[in-house]
Amino acid sequence: MDKILIRGLKVRTIVGILPWERKIPQLLLLDVDLATDIRAAADSEDISQTVDYSAVAERLTRFIQESQFLLIETLAERCAALILEEFGVPEVRFLVSKPEAVPATDTVCIEITRSRHA
Ligand SMILES: Nc1nc2c(c(=O)[nH]1)N=C([C@H](O)[C@@H](O)CO)CN2
């Protein structure tokens, strides 16, 4: 299956279990892989025949900015479900990275792959 990839989407939001994390928005970085067949769009050059990566990025940004999850596991599951439901792709890989969370690390991440039920 072909894939449309979003890399390093930056969103600031309230997320985490520590007292300071409930008050100060912090940076999340997102990687998203959208499984989709791109051939119809490639033949027609019609954006309606494919998944608009700008629309996905904007929708995720809005959803996450309005959220206040405790765990990035929950955030990842809800974002994957939103993408499957609203953008009609059969499978999504979603990686959320929290670079400001743990001192002396580059980052910490959760990665999930979810498919739409038939
Ligand atoms: N598996 C997880 N571990 C931790 C999380 C999380 O969301 N998933 N969150 C935290 C804190 O919020 C962290 O950002 C700072 O300690 C700790 N562990």
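Only Cα pairs under 8 Å and 6+ residues apart enter the sum, and on that basis the relative contact order of the range 2-115 stands at 28 percent. When nucleic acids and ligands are ignored and a 1.4 Å probe is applied, Glu58 ends up with an accessible area of around 120 Å².
Taking a straight line from the alpha carbon of Lys98, these lysines sit under 21 Å away, with near neighbours fewer than eight places off in the same chain left out: Lys10, Lys23. Between the amide H of Ile38 and those of Asp2, distances stay under 5 Å, these residues lying 5 or more places away or on another chain, with hydrogens modeled in the peptide plane. Each other residue within a Cβ distance under 15 Å of Ala41 adds +1 if Lys or Arg and -1 if Asp or Glu, for a net charge of -4. Tell me the angle of helix 72-87 to the major Cα principal axis of the chain, expressed in degrees between 0 and 90 and rounded to the nearest ten. Here the helix axis deviates by roughly 20 degrees. Taking the helices alone, the chain has a mean residue ellipticity at 222 nm of -9000 deg cm²/dmol, built from -39,500 (n - 2.57) per DSSP H run of at least 4 residues and averaged over all its residues. All other residues whose Cβ lies under 14 angstrom from that of Arg78 are scored, Lys and Arg at +1 and Asp and Glu at -1, for a net of -2.
The angle separating the long axis of helix 53-65 from the principal Cα axis of greatest extent in the chain is about 30 degrees.
Its Cα centre serving as origin, the chain has a Cβ charge dipole (Lys and Arg +1, Asp and Glu -1) of approximately 520 debye. Rolling a 1.4 Å probe over the heavy atoms of the protein chains gives the chain an accessible area of 60 Å² per residue. The share of accessible area on the chain that comes from carbon and sulfur is 53 percent, using a 1.4 angstrom probe.
The values are calculated or read from the model by the stated rules, or taken from the named source; none is laboratory data. Note that the structure is a prediction, hence the values are computed from the model and not measured. In this analysis, Cβ positions are derived from the backbone assuming ideal geometry, glycine residues included, and neighbour counts consider all displayed protein chains. Just so you know, the surface numbers come from the protein's heavy atoms only, side chains and all, with ligands and any DNA or RNA stripped out. Shrake-Rupley method; radii C 1.70, N 1.55, O 1.52, S 1.80 Å.
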